[in-house]
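Step one of this worksheet: look at the structure below.
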Amino acid sequence: MCIALPMKIVDVVDEGARTVRLVADARIARDRGGEQIVSAALLAESPDALRGLVGCWGVAHGGFLLSRLDEADALSRLDIFVAMDAQVGGF
């Protein structure tokens, strides 16, 4: 089972390819942090919808943005990852 890390959608990389850049929250252990460029084609059918994702939180897997999360949900999930990191000394 994969537990996907909520990440912030920070910009559109390529409108034609419908790709976006995701950045991990700074509180997450460095070995799971960083950024990813993924396809948002499953969630955004138009350029306006694609641009509308910027600033939102999302969950990606296998190179695809799978879902959009509201901020409260994303931060709640991130709190769990932060707690797990603290338990194993990952941060």
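Read-outs throughout are calculated quantities, based only on the coordinates presented, and are distinct from any laboratory measurement. Worth saying up front: this structure is predicted, and the values here are computed from it rather than measured. Because the Cβ atoms are built from the backbone with ideal geometry, glycine has one as well, and the counts that use them run over all protein chains shown.
Hey, what angle do you get for helix 71-88 against the long axis of the chain, alpha-carbon based, 0 to 90 degrees rounded to 10? So the helix axis and the longest Cα principal axis differ by about 40 degrees.
In plain terms, the chain from Asp11 to Ala26 could stretch by 3.7 nm, reckoned as 0.36 nm per residue minus the Cα-Cα distance.
Computed over segment 7-88, the P(r) curve from all C-alpha pair distances, binned at 10 Å from the origin, holds 19, 51, 24, 6, 0 percent per bin.
Using a Förster distance of 25 angstrom, determine the FRET efficiency expected from the C-beta separation of Ser46 and Ala72, and round it to 0.05. So, using R0 = 25 Å, E works out to roughly 0.40. Among Arg68, Arg21, Arg77, which one shows the biggest mean-square fluctuation in a GNM of the chain, springs joining Cα atoms closer than 10 Å? Judging by the Gaussian network model, the answer is Arg77. Extending 7 Å from the Cα toward the beta-carbon at both Ile80 and Gln36 defines two label points whose distance is 1.6 nm.
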